[in-house]
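A.B. asks: Here it is, the structure, as structure tokens.
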Amino acid sequence: KVRMAVFASGSGSNFTALEQACREGELHAEIVHVITDKPEAYVIERAKQAKIPVTVLQPKAFVSKQAHEHAIIDTLRASETEWIILAGYMRLIGHDLLSAYPSRIVNIHPSLLPSFPGKDAIGQAVDHGVKVTGVTVHLVDAGMDTGPILSQEAVRVVEGDAESTAEAIHAVEHVLYKETLKLLFEQ
Ligand code: GAR
């Protein structure tokens, strides 16, 4: 089984979708650790319920980004993590973490990249008035939501309605992420 660590800053619905796929044997992988930068993130409750170890590492508790990332790397090594799966982790991955896991960090983003990178991609798409947006799964590099694209799926925008559009996007994310990882891990 592939040993994954999930990084999340928020609700963690993608964590739950992946955890379920692992538990049901759909994904031949195991979430060995959850890492969050936010002590109030709901993903912490989800991880506890799933009995998966969770570590909160707040950047402000460290003297530098480098020190923060080294604490992350130590945690990952202790749990023998092979792949890092970003699921709503709202922070750029720095040089040290990238070189500790070369081509082994995956991200999901709620738009058809390279459109609407960064924060609130769904709001950006609705405000821009595009008719179609979507979901992208990609390998992580030093940029903001850049890096080689692994898969994409289109989602129709509900005009002027970010909430309904977000619901449709999340539903697609929860299927696309596990399917993409399945193909990736089979390689
Ligand atoms: C997801 O929509 C994910 O694509 C997005 O954060 C959300 C997290 O939801 N990620 C980004 O915007 C990355 N730039 P979740 O906490 O319910 O999984």
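Each value in this text was obtained by applying a stated rule to the coordinates, not by laboratory testing. Quick caveat: nothing in here was measured; it's all calculated off a predicted structure. Note: ideal-geometry Cβ built from the backbone for every residue, glycine included; neighbour counts use all protein chains shown.
A.B. asks: Report, please, the projected area of region 121-187 averaged over directions, based on the convex hull of its C-alpha atoms, in nm².
C.D. replies: On the way: hull surface 18.9 nm².
With the hull built on Cα positions only, its mean projection is 4.7 nm².
A.B. asks: If the only charges are +1 at each Lys and Arg Cβ and -1 at each Asp and Glu Cβ, what is the size of the charge dipole of region 43-98 around the Cα centre, to the nearest 20 debye?
C.D. replies: Values: 7 positive and 6 negative charges, 54 e Å.
Roughly 260 debye, rounded to the nearest 20.
A.B. asks: Another question about this same structure. So what J values fall out for region 50-57 if you push phi through Karplus, 6.51 cos²θ - 1.76 cosθ + 1.60 with θ = phi - 60°, rounded to Hz, Gly and Pro as x?
C.D. replies: So the Karplus estimates, Gly and Pro as x, are 7, 6, 10, x, 10, 10, 9, 10 Hz.
A.B. asks: Taking only Cα atoms and a 10 Å spring cutoff, compute GNM fluctuations for the chain and point out the largest among Thr16, Thr36, Thr136.
C.D. replies: Its mean-square fluctuation being the largest, the pick is Thr16.
A.B. asks: What are the ³J(HN,Hα) values, in whole Hz, obtained from phi via the Karplus relation 6.51 cos²θ - 1.76 cosθ + 1.60 with θ = phi - 60°, for each residue of region 32-49 in sequence order, with x given for Gly and Pro?
C.D. replies: Result, rounded to whole Hz: 8, 7, 10, 10, 10, 9, 10, x, 9, 5, 5, 4, 4, 4, 4, 5, 4, 4.
A.B. asks: Running a GNM on the chain with Cα contacts under 10 Å, which residue among Ala168, Ala61, Ala71 ends up with the highest mean-square fluctuation?
C.D. replies: Ala61
A.B. asks: Considering only Ile108, Ile31, Ile149, give the residue with the highest GNM mean-square fluctuation for the chain, with springs between Cα atoms whenever their separation is below 10 Å.
C.D. replies: Ile149
A.B. asks: Same structure again: Tell me the relative contact order for region 107-187 as a rounded percent, counting alpha carbon contacts under 8 Å between residues six or more apart.
C.D. replies: Numbers: 132 pairs, mean separation 23.8, N = 81.
The value is 29 percent.
A.B. asks: I need to check one value: relative contact order of region 1-110, counting alpha carbon pairs closer than 8 Å and at least 6 residues apart, in percent. List each step's numbers first, then the result.
C.D. replies: On the way: 188 pairs, mean separation 35.7, N = 110.
Value for region 1-110: 32 percent.
A.B. asks: With 10 Å bins from zero, work out the P(r) of the chain over every alpha carbon pair and list the percent per bin.
C.D. replies: 9, 38, 38, 14, 1
A.B. asks: I would also like to ask the following. Would you work out the relative contact order for the chain, in percent, from Cα pairs under 8 angstrom that are 6 or more residues apart? Mind dumping the intermediate values first?
C.D. replies: Numbers: 356 pairs, mean separation 37.1, N = 187.
Computed value for the chain: 20 percent relative contact order.
A.B. asks: Pick out the long, greasy-scoring helices in the chain: whole DSSP H runs spanning 27 Å or more along their own axis by Cα, mean Kyte-Doolittle at least 0.0. Please list the in-between numbers first.
C.D. replies: On the way: long enough: 162-186 (35 Å, 0.12).
Span-like helices here: 162-186.
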